[in-house]
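Read the figures in this text as sums done on the coordinates, not as results from a lab. Keep in mind it's a predicted model, so treat the numbers as computed, not measured. Ideal geometry is used to build each Cβ from the backbone, glycine not excepted, and the neighbour counts take in all protein chains shown.
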Amino acid sequence: MAWGGFIIALLLAFVLQTGVAAPLSVPHFDAFLVLALLCGLLCPTPDARIAGWIVGLVQDLSSADALGIHAFTLGLTVLLLTRIRELGNVSVWWVRAPAALLAAWPPQFIYLLHLRYWAGHTDESFGGLVLSAALTALVAAVLAMLINALPGMMQRKRRRFRTSRG
């Protein structure tokens, strides 16, 4: 894994989450979750799992939540995604979003349960927690799939442009 590129992506996720999404109160957007899912989809399994935990640790350090909750949930997300990756073919573009959604939803729900029952930060109902976790996981999964597909789309467009100019 290219750790230098990972550090740049981690800094970009940090700036997006703390400098853009948090002040604007963008609902159900988690740049750190998107980065963890990208690591889980693209990196070798051991590197992906370490990277997911590091992303969570950085999110822990940038938030007022209990230290370790994000490292646990994002590490668990990447662990689940790498297990799903071993079971199925996630190289097909349309399989990536459902795989990422399946991996991200349970840890996001655990995080929201933590906020509700241990930290006391939300009064949302149990059904609301399930829906909120699903929406956050869905947004992150779709963004991770689109970001992952972007280089391939750019290549196809470039190739099409070259052949049309002939």
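From most to least packed by mean Cβ count within 10 Å, the peptides 2-10, 101-109 give 101-109, 2-10.
Subtract the Cα-Cα distance of D65 and A149 from 0.36 nm times their separation in residues, and report this length gain in nm to one decimal.
Working: separation 84, 0.36 × 84 = 30.24 nm, distance 3.26 nm.
So the chain would gain 27.0 nm between D65 and A149.
The C-alpha atoms of the chain define a longest principal axis, and helix 93-113 lies at about 10 degrees to it. Projected label points at W93 and V15, each 7 Å from Cα along the beta carbon direction, are separated by 2.8 nanometres. For R116, the shell of other residues with beta-carbons less than 13 Å away shows a net charge of -3, using +1 for Lys and Arg and -1 for Asp and Glu. Calculate, in whole percent, how much of the Cα-Cα pair population of the chain lies beyond 22 Å. Summing the P(r) tail past 22 Å for the chain gives 43 percent.
Axis of helix 45-61 versus longest Cα principal axis of the chain: the two differ by about 50°, to the nearest ten degrees.
Using unit Cβ charges (K, R positive; D, E negative) and no other charged atoms, how large, in debye to the nearest 20, is the dipole of the chain about its Cα centre? Before the final figure, lay out each step's value.
Values: 12 positive and 7 negative charges, 260 e Å.
Once rounded to the nearest 20, the dipole reads 1260 debye.
Given a cut-off of under 8 Å on Cα pairs at least six residues apart, what relative contact order in percent is computed for the chain? 22 percent.
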